[in-house]
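Please read the structure below before turning to the comments.
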Amino acid sequence: MDADREEAGAAGTEFTLDSSEELAGDPAERPGLGPWRLTWRRLRRDKVALAAGVVFLLLVGACLAAPLWADEIAGTTPEENHLSDKVLIDGRETEVVDLRGKPIGPTWSDHFFLGADSNGRDIMVRLLYGGRNSLMIGLAAAFGTIAAGLILGLLAGYYRGRADSVIRWLLDVIWAFPVVLLGVALGTVLALGGLELGPITIAGDSLAIPTLVIAIIYVPYLARPVRGQVLALREREFVEAARAQGMGSLRIVFREILPNVASTLVVFLPLLVANAILLEAGLSFLGAGVQPPNPSWGTMIAEGVERIVTAPHLTIVPGAMLVATVLSLNIFGEGVRDALDPRSKVRIEH
Amino acid sequence: MAIGLASCGSGESSGSGGGSGDASSVTIAQASQPDFLDPALSYTIHGWEPMWTTYMPLLTYKREEGEARSELMPGLAEAMPEVSDGGATYELTLRKGLKYSNGTPVKAGDFEHAIKRVLNLESGATPYYLVIEGAEKYLADGNADADIPGIVTDDKTGEITINLTEPESAFPFVLAMNFSALVPGDSPFENMSKEPAPGVGPYMFTKVVPNREFVLETNPNFDENTVPGVPVANIGTVKTVINPSVSRQTQEVIDNKLDFMQEPVAPDFISEVLERFGPEGTEEQRYKEFTTLSMYYFFLNSRIPPFDDPKVREAVNIGLDKPALARLFAGTLEPGCSFLPPDMPGYSESLDSGECPWGDPHGAPHLAKAQQMIKEAGAEGAKVTVWGDNVDPTPKVTQAYADQLNQMGLDAEPKIVDGGVYFQTIGNESTGAQTGFLNWFGDFPHPSNFFFLVNGESIQPTNNQNMSNVDDPHINKELKALGREPDLDAVTDRWEALNEYLIDKAYLAPYGYRKLSTFVSDRIDFENCTQINPVIYNDYSRWCLKDK
């Protein structure tokens, strides 16, 4: 939200969002509301978005509790194989994986609550740990994208000229590749050889690799709108006023322009997280994301495909978690966007 | 030999096509196009099965059952070779009146041309032929038309003399490989997969549409007298369609819409197929499993800690849960302890029946003992990277193996790399691969075809195949001596002793032999016409349809 609209909001012209008590009172005495409080007030009225946010938080909470479930209830780790083990079901000993490789289905008890995979690993434990990995990658990649996209967008939009040309060229190069294709290419190469950048070394099987790949891929999707917004903002009166007061470029960027693009970043964040989680799952499914034995919803689906008829839980369970997470984030993100600026139409389209 | 064992295809779009119904033809499926449809180049089972029926080498395998099916017999040669010069010279004579499928007469000189094609096209089989005198120079010079001095042929008499640089006991088996099959002398020095060269065999290629289908039809120039012992084809046309979905292939064979699938049955369907069509199934049998000349093992790099300590290697062998690993193959892995597989001369049956020094391969592992040995060796918590490729089921096996190593007390992490670069990566000394997944499918039933994997003289800094870096003076000496013995039967007990010695030293950790399957539609006479060759597997030319 820019400075003008901030002032308008404070003056109470957004009357449709005010409560009946407030509307009944004297407009002159009505307290001024900051943009974030206004946003919260609008968001509170979007019950669907709030519900989606709660669902997402529940999923995050469940995934954070993965060690608790693994240690206290399931008594296993996400990597531990139980190929030759047996479990008691209705008083009967049942093989976790039978001689023909078919894993046990959901037992709805503490051990193998959601069944086992082909390696005899507890699906519930892997699901929660996989969720941690997926969420961690999604969040880290989204913040990485925001950091890089913001810096590039600010530089290109504010300084224009040569900096703009170089940055735009760089963004166009990344933009030119289909997301999944670029992700698979980068993910495969980096998973094989890892990454060495001076003193920084990242092993090929590190979660940092898919995080980095996803963060890079989405940079243009954020940097370009930020650049456009900064291009418009730098010509606004309040920026000219700051310049006239003798403010330096860096100060103008950080004190005057950055606060005005913050709402865009807030709108983008949940959408970016959702897209990053989805892309991570896709890359992991294709073998270019999270590397074994680390679990992720994408790798779990990939591992379960060959048993989709006899052991559908191997694909359905992580698939359902993925859908729930991405859907809740998207709905919540849409709600945040509407709350911040009902007129905006921010989308991540690729 | 490379074996493509697709466990599950993804695409459901391409139909298997055709289906069954034509009395004189069958439709079969493969999950992918064979690597090559050229006898000089094909090095996968997808290619070897059609090669076997369309190209005949000088020697071939007996079309019989039992142990005899691994024995050699004359193919295009009149008789088995006369071996002289201590096993370094092979003399053969071409049968009279042979014709290729296009009617061109077969000449003795075509043999040299076939070997030149192998060398010129840089076939994967090239190393087998470098023992021929002058072959290395021919390869190095790069002149395709030059002569290989070690091969002397006479088109008039049909005589072929092959001089080797040193005696090589396995050479007759090399002469029975499809790479040695004769093709016309004017066949170009290029990959002929799109338009396969004429050959001598029960079938001939009549149509090839890459990545879609290829068709074999009976060869009009081949009858029961062409090569005595090699029957003519029973079925007029064998159409192979490429269908990447193994699940769909399985369903279509179940429904009799497809007559045979080259891939193993999809894991999802294997229980159903066994229950209905297996040896003890509820319906007429049309499914069987057979053990191949293969061995699955984990290499243990004896040059790098912790596996440079024999005690750690022994602990791994003791603690390895082989029946557990077999479950990852959906029951198509027979747990075993021997390096040489069943059906291979030198195979030690006793190793698989209770006398394995590391415990019964079908029983539970001695985990406590393994943990104790790791402790005693001071290797507890030692970091180990377990290598594996990304071709199913290797990732699962690699992860299960890493987990088992962790249970033994090591600190193991799996590392999965792309199948396309796996062997180059772990075969490079600078990688320092400690342990990982390996398997070997024999190219022919001679122990040397397995033991080169542990020959100390074969160790090299790149593209190394002796991943365990076994450099044992006793093994090296025996391999040299046995390699000169022309009569395999006479030295089978020595191979067996060497096999047991290798296992006893725990240079690697074998855990089983792969089983493949034959699954056909109910049109095919399963009981009488689905014989298996241990090297080539399914012989299309011996299939027959049921009498209606």
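The values are calculated or read from the model by the stated rules, or taken from the named source; none is laboratory data. Model, not experiment: these values are computed from the prediction. Methodologically, a virtual Cβ is constructed for each residue, glycine included, from the backbone with ideal geometry; neighbour enumeration extends over all protein chains shown.
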> Does region B:114-131 include one or more residues that are within 27 Å of B:GLY87 (Cβ to Cβ) and among the aromatic types (Phe, Trp, Tyr)?
Replying inline: yes
>> Please verify whether B:ASP392 is at the interface with another protein chain (Cβ under 9 Å from one of its Cβ atoms), surrounded by fewer than 24 Cβ atoms within 10 Å (Cβ to Cβ) and either in contact with a Pro (Cβ under 9 Å, 6 or more places away or on another chain) or touching a residue at least 60 places away in the same chain (Cβ under 8 Å) (or both), treating the condition exactly as stated.
In response: yes
> What is the residue count in region B:1-28 for residues that are modelled with pLDDT of 95 or more and either surrounded by fewer than 17 Cβ atoms within 10 Å (Cβ to Cβ) or of a type in the set (Lys, Arg) (or both)?
Replying inline: 0
>> Just to verify a result, which residue in region B:395-411, among those that are more than 10 Å from every other protein chain (Cβ to nearest Cβ), in contact with a strand residue (DSSP E or B) (Cβ under 8 Å, 6 or more places away or on another chain) and not in a loop (DSSP other than H, G, I, E, B), is nearest to B:ASN317 (Cα to Cα)?
In response: B:LEU405
>> Of everything in region A:178-212, what is away from chain B (no Cβ under 14 Å), over 23 Å from the mean Cα position of the chain (by Cα) and of a type in the set (Val, Ile, Thr)? Give them in sequence order.
In response: A:ILE200, A:THR201
> Inside region B:255-272, can you point out the residues that are touching a helix residue (DSSP H, G or I) at 6+ places or on another chain (Cβ under 7 Å) and either part of a loop (DSSP other than H, G, I, E, B) or within 14 Å of another protein chain (Cβ to nearest Cβ) (or both)?
Replying inline: B:LEU258, B:GLN262, B:GLU263, B:VAL265, B:ALA266, B:PRO267, B:ASP268, B:PHE269
>> Let me confirm something: among A:ARG224, A:ARG255, which residue is away from every other protein chain (no Cβ under 14 Å) and over 27 Å from A:VAL326 (Cβ atoms)?
In response: A:ARG255
>> Any residue in region A:306-325 that is free of Cβ contacts under 8 Å to residues at least 12 places away in the same chain sitting within a Cβ distance under 6 Å of a residue that is assigned to a helix (DSSP H, G or I) and among the polar types (S, T, N, Q)? List the pairs, counting only those 6 or more apart or interchain.
In response: A:ILE308/A:THR315
> Given the conditions (1) modelled with pLDDT of 80 or more; (2) more than 14 Å from chain A (Cβ to nearest Cβ), which single one is not true for B:ALA31?
Replying inline: (2)
> Are any residues in region B:44-72 among the polar types (S, T, N, Q) and more than 13 Å from B:GLY199 (Cβ to Cβ), and if so, which ones?
Replying inline: B:THR44, B:SER70
>> Residues that are acidic (Asp, Glu) and within 26 Å of B:PHE36 (Cα to Cα): list the helices (runs of 4 or more DSSP H) wholly contained in region B:111-183 that include at least 2 such residues.
In response: B:135-141
>> Testing A:THR77 on (1) out of contact with any strand residue (DSSP E or B) (no Cβ under 8 Å at 6 or more places or on another chain); (2) away from chain B (no Cβ under 12 Å); (3) in contact (Cβ under 8 Å) with a residue 24 or more places away in the chain; (4) surrounded by fewer than 24 Cβ atoms within 10 Å (Cβ to Cβ), one condition comes back false. Which one is that?
In response: (2)
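Condition check ((1) outside any loop (DSSP other than H, G, I, E, B); (2) under 30 Å from B:ASP85 (Cα atoms); (3) touching a strand residue (DSSP E or B) at 6+ places or on another chain (Cβ under 9 Å)) across all residues:
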{"residue": "B:PHE450", "(1), (2), (3)": "yes, yes, yes"}
{"residue": "B:PRO461", "(1), (2), (3)": "no, no, no"}
{"residue": "B:ASN464", "(1), (2), (3)": "no, no, no"}
{"residue": "B:VAL470", "(1), (2), (3)": "no, no, yes"}
{"residue": "B:PRO486", "(1), (2), (3)": "no, yes, yes"}
{"residue": "B:ASP493", "(1), (2), (3)": "yes, yes, no"}
{"residue": "B:TYR501", "(1), (2), (3)": "yes, no, no"}
{"residue": "B:TYR511", "(1), (2), (3)": "yes, no, yes"}
{"residue": "B:LEU516", "(1), (2), (3)": "yes, no, yes"}
>> Within region A:276-334, take every residue that is within 10 Å of another protein chain (Cβ to nearest Cβ) and in a helix (DSSP H, G or I) and give me the one that is nearest to A:THR145 (Cα to Cα).
In response: A:THR299
> Just checking, which of B:PRO305, B:PRO231, B:PRO244 is buried (at least 18 other Cβ atoms within 10 Å of the Cβ), in contact (Cβ under 8 Å) with a residue 60 or more places away in the chain and not in a helix (DSSP H, G or I)?
Replying inline: B:PRO244
>> Looking only at region B:329-341, count every residue that is part of a strand (DSSP E or B) and closer than 21 Å to B:GLY66 by Cα and tell me the total.
In response: 2
> Pick from region B:357-381 the residues that are among the aliphatic types (A, V, I, L, M) and either farther than 20 Å from B:LEU508 by Cα or exposed (fewer than 14 other Cβ atoms within 10 Å of the Cβ) (or both): which of them is modelled with the lowest pLDDT?
Replying inline: B:ALA364
> Based on what the data block shows, is B:PHE441 under 25 Å from B:ALA68 (Cα atoms), hydrophobic (A, V, I, L, M, F, W, C) and either away from chain A (no Cβ under 14 Å) or buried (at least 22 other Cβ atoms within 10 Å of the Cβ) (or both)?
Replying inline: yes
>> So A:LEU99 ticks every box in (1) surrounded by fewer than 24 Cβ atoms within 10 Å (Cβ to Cβ); (2) away from every other protein chain (no Cβ under 14 Å) but one. Which box is left unticked?
In response: (2)
> With A:GLY130, A:GLY120 as the choices, which residue is assigned to a loop (DSSP other than H, G, I, E, B) and not aromatic (Phe, Trp, Tyr)?
Replying inline: A:GLY120
> Pairs, please: C-beta under 7 Å, at least 6 apart or cross-chain, first residue at positive phi and in region B:329-355, second of a type in the set (A, V, I, L, M) and in a loop (DSSP other than H, G, I, E, B)?
Replying inline: B:GLY331/A:LEU99; B:ASP343/B:LEU293; B:GLY346/B:LEU340
> How many residues does region A:102-126 contain that are hydrophobic (A, V, I, L, M, F, W, C), crowded, with 24+ Cβ neighbours inside 10 Å and within 31 Å of the chain's Cα centre (by Cα)?
Replying inline: 5
>> Testing B:MET344 on (1) in a helix (DSSP H, G or I); (2) more than 8 Å from every other protein chain (Cβ to nearest Cβ); (3) farther than 22 Å from A:GLY194 by Cβ, one condition comes back false. Which one is that?
In response: (1)
